[in-house]
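In what follows, a single structure is set out as C-alpha cells and then discussed.
The values are calculated or read from the model by the stated rules, or taken from the named source; none is laboratory data. Because the structure is a prediction, the values reported are computed rather than measured. Please note: Cβ atoms are built from the backbone with ideal geometry, for glycine as well, and neighbour counts cover all protein chains shown. Note: accessible area is taken over every heavy atom of the protein model, side chains too, but ligands, DNA and RNA are not part of it. Shrake-Rupley method; radii C 1.70, N 1.55, O 1.52, S 1.80 Å.
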Amino acid sequence: MDTNLKAAGMKRLDSAAAALRKNGFDTEVFTEAASAAKAVVALIGRNKNVGLGGSMTTAELGLPKALKKAGNKIITHTPEMSDTERVRTWLKAQAADFYIASPQAVTAKGEMIFVDGLGNRAAAVLYGPGKVILLAGVNKLVGDTEEGLWRMRNVAALANNFRLKKDNPCVRTGKCEDCASPSRICNAVLMLWKRPRLTNYKVILVNEELGY
C-alpha cells in the first residue's frame with residue numbers, strides 16, 4: 001500500500017473509530033497487522049479460554065498460534081466434529097473468557113454487520129463471553145448499512161463459499177443469488193448499531209486488508 005493510500009486508509013479508520021466510540025465500543029486503530037496482533041495477545045494474557053469463530057482475519061493475524069504459545073486454550077469447532085460436538089463446543093466458546101470474531105462490514109456511522117450460517121458466531125458476538133474482541137481491516141469499511149449488506153453477501157459470503165468449496169449458486173454466478181441451498185452459509189445477520197449494555201467489547205481496526 002503506497003503512502004497516499006495508507007494516509008487515506010488511516011483517515012477513514014480514524015473516522016470509523018470515532019463513530020464506534022460514540023456508539024459505545026472501545027476502539028483502537030493500528031497502522032499494521034503485526035502491532036494489532038501483539039495488542040490482542042497482550043490484552044488476553046495467559047491461561048485464558050479463547051473462543052474463535054472461524055475468522056480469516058484472526059487466522060491472517062496469526063492469533064491462534066500466538067495465543068496457544070502464550071498458554072491459552074483455543075475453543076473452536078473442527079470439520080470432523082458431529083453436529084452434537086459442534087453445539088457443545090460453540091456453547092463453551094460462547095462462555096469463554098474471550099471471544100474473537102470479525103465483522104463483514106463496518107459502516108461510517110460505527111455500525112458492524114455480521115453474517116452467519118449456523119448462528120454460533122452471531123450468538124457469541126452478541127452475548128456470553130467475558131470480553132468480545134472484534135477485528136477488521138481497512139477493506140471492511142463501507143459507507144452505510146446498504147453497502148455493508150451488499151459487501152456481506154457479494155464479497156465476504158462469496159469468498160467463503162469458494163474457500164469452503166461449497167456447491168452453491170453464487171459460486172457459479174459470482175454474486176449472491178439469495179438461494180435456498182441446503183449448504184447456504186448466509187442464514188443469519190447480526191447488526192450492532194450500539195453496544196449492548198451487558199457485553200464488553202474491544203474493537204481493533206487495522207490499516208491493512210485482512211480477511212473477507
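A few notes on this one:
- Of the residues screened, residue 59 is one that is within 16 Å of the chain's Cα centre (by Cα) and hydrophobic (A, V, I, L, M, F, W, C).
- The one condition from (1) within 22 Å of residue 192 (Cβ to Cβ); (2) within 17 Å of the chain's Cα centre (by Cα); (3) not charged (D, E, K, R) that residue 41 does not meet is (1).
- Restricting the stretch 141-150 to residues that are more than 14 Å from the chain's Cα centre (by Cα) and either touching a residue at least 24 places away in the same chain (Cβ under 8 Å) or more than 26 Å from residue 29 (Cβ to Cβ) (or both), the residue that is surrounded by the most Cβ atoms within 10 Å (Cβ to Cβ) is 142.
- Restricting attention to the stretch 77-105, the residues that are open to solvent by 50 Å² or more (accessible area, probe 1.4 Å) and of a type in the set (Val, Ile, Thr) add up to 2.
- Condition check for residue 108: under 14 Å from residue 54 (Cα atoms), surrounded by 15 or more Cβ atoms within 10 Å (Cβ to Cβ) and among the small types (Gly, Ala, Ser): no
- Residue count, the stretch 130-149 (criterion: closer than 30 Å to residue 91 by Cα and in a helix (DSSP H, G or I)): 4
- In the condition set (1) in contact with a helix residue (DSSP H, G or I) (Cβ under 7 Å, 6 or more places away or on another chain); (2) aliphatic (A, V, I, L, M); (3) open to solvent by 70 Å² or more (accessible area, probe 1.4 Å), residue 164 is compliant with all but (1).
- Any hit, the stretch 184-195, residues being surrounded by fewer than 19 Cβ atoms within 10 Å (Cβ to Cβ), over 18 Å from the mean Cα position of the chain (by Cα) and in contact (Cβ under 8 Å) with a residue 12 or more places away in the chain: yes
- Test result for residue 71, touching a residue at least 24 places away in the same chain (Cβ under 8 Å) and either within 25 Å of residue 166 (Cα to Cα) or open to solvent by 50 Å² or more (accessible area, probe 1.4 Å) (or both): no
- Answer residue from the stretch 170-183, given it is under 24 Å from the mean Cα position of the chain (by Cα) and part of a helix (DSSP H, G or I) and is nearest to residue 114 (Cα to Cα) among those: 170
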